[in-house]
Amino acid sequence: MESPGEFPTQKDTSKNFSNEASVVFVLGGPASGKGTQCPKIVEHFGFTHLCVGELLEEETKSGSENGKMIRNFKLEGKIVPSEVTVGILQQAMQQSENKKFIIDGFPRNEENLATFEKTVKVEPEFVLFFDCPEEELKRRLLSRNQGRADDNPVTIEKRLEVFKESTLPIINYYSSKGKVQKINAQRSVEQVFDDISNVFSKLNPGSRGASTI
Ligand SMILES: Nc1ncnc2c1ncn2[C@@H]1O[C@H](COP(=O)(O)OP(=O)(O)O)[C@@H](O)[C@H]1O
Ligand SMILES: O=c1ccn([C@@H]2O[C@H](COP(=O)(O)OP(=O)(O)O)[C@@H](O)[C@H]2O)c(=O)[nH]1
Ligand SMILES: [Mg+2]
């Protein structure tokens, strides 16, 4: 507990921050279409897109020790330690003027979720889940062709395993709280976005003020 009259600390900032931020988590297997659809949500519904995989990628370019560690984790298809990921994510949220966020590809496991709840303290309005069969994910991963080091057959198998073992339980957790909006992701980009639009129009996230933990 702080004594009265102390200067605001970093912790104070995050407390205030969590009172105004509005969050939708976007989850789904690798190549289920998250990165394709998120810019459309930005354009139509005024959210800021935070792709956690890309934020981590930027950190690898900094040449820091964390950057090297992140590169190795990604190459092995593993989930980067949560204190690193959440630190980077929280910084991006605090630096944004817009406080309505779609957070793409996070939380990927229980540790991610617990760390986010403890430090960012924002309860997501809902989780958008891109449901897509594994065979389709594999087809898309092998033809994504964006020069990603982790889109190789060995890492792809590992990422699919990590998704099933660690991320599906997070989706099930939010499902038990009635917070999952499931989208059939094995259709055209336009059809998928039609369904997403219906969800955002119906639930109107970000309109009722923040939901804090
Ligand atoms: N609805 C879709 N149908 C077919 N291919 C798609 C669809 N949505 C995305 N893709 C393609 O699948 C690959 C993975 O999409 P991406 O948006 O990067 O997925 P994620 O961010 O979930 O990994 C890309 O090559 C993309 O062009
Ligand atoms: O919260 C996150 C998000 C991503 N990653 C790492 O970044 C990689 C790529 O994530 P991204 O979301 O870009 O992959 P996608 O699902 O789009 O293929 C993952 O395999 C993980 O190694 C992570 O460790 N924690
Ligand atoms: Mg992506």
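Derivation of every value follows stated rules applied to the coordinates shown; laboratory data play no part. Because the structure is predicted, anything quoted here is derived from the model rather than measured. Positions of Cβ are generated from backbone atoms using ideal geometry, with glycine treated the same way; all protein chains shown enter the neighbour counts.
Diffusion coefficient (Stokes-Einstein, Kirkwood radius over C-alpha pairs, 20 °C, 1.002 mPa s) for the chain: 119 µm²/s, rounded to a whole number.
Considering the stretch 120-213, its Cα convex hull presents a mean projected area of 7.7 nm². Identify all lysines with a Cα-Cα distance to Lys182 below 27 Å; exclude those on the same chain that are fewer than 8 residues away in sequence. Leaving aside lysines fewer than 8 places away in the same chain, those within reach of Lys182 are Lys34, Lys40, Lys74, Lys78, Lys99, Lys100, Lys118, Lys121, Lys138, Lys158, Lys164, Lys202. Here is what passes the span test in the chain: the DSSP H helices with alpha carbon length of 18 Å or more along the helix axis and a Kyte-Doolittle mean of -1.0 or above are 82-95, 189-203. In this Cβ point-charge picture (+1 for Lys and Arg, -1 for Asp and Glu), the chain has a dipole of about 300 debye about its Cα centre.
Ellipticity at 222 nm from helices only: DSSP H runs of n ≥ 4 in the chain, each -39500 (n - 2.57), divided by the residue count, give -16000 deg cm²/dmol.
Compute the semi-axes of the equivalent ellipsoid of the stretch 25-99, taking the square root of 5 times each eigenvalue of the Cα gyration tensor, and list them largest first in whole Å.
Values: eigenvalues 106, 52, 19 Å².
After diagonalising the Cα gyration tensor, the semi-axes are 23, 16, 10 Å.
Using C-alpha pairs below 8 Å separated by at least 6 residues, the relative contact order for the chain is 34 percent.
Computed over the alpha carbons of the stretch 123-164, Rg followed by Dmax gives 12.4, 36 Å.
At q = 0.18 Å⁻¹, what base-10 log of I(q)/I(0) does the Debye formula yield for the stretch 60-164 when every alpha carbon is treated as an equal point scatterer in vacuo? Treating every Cα as an identical point scatterer, log10 I(q)/I(0) equals -1.09.
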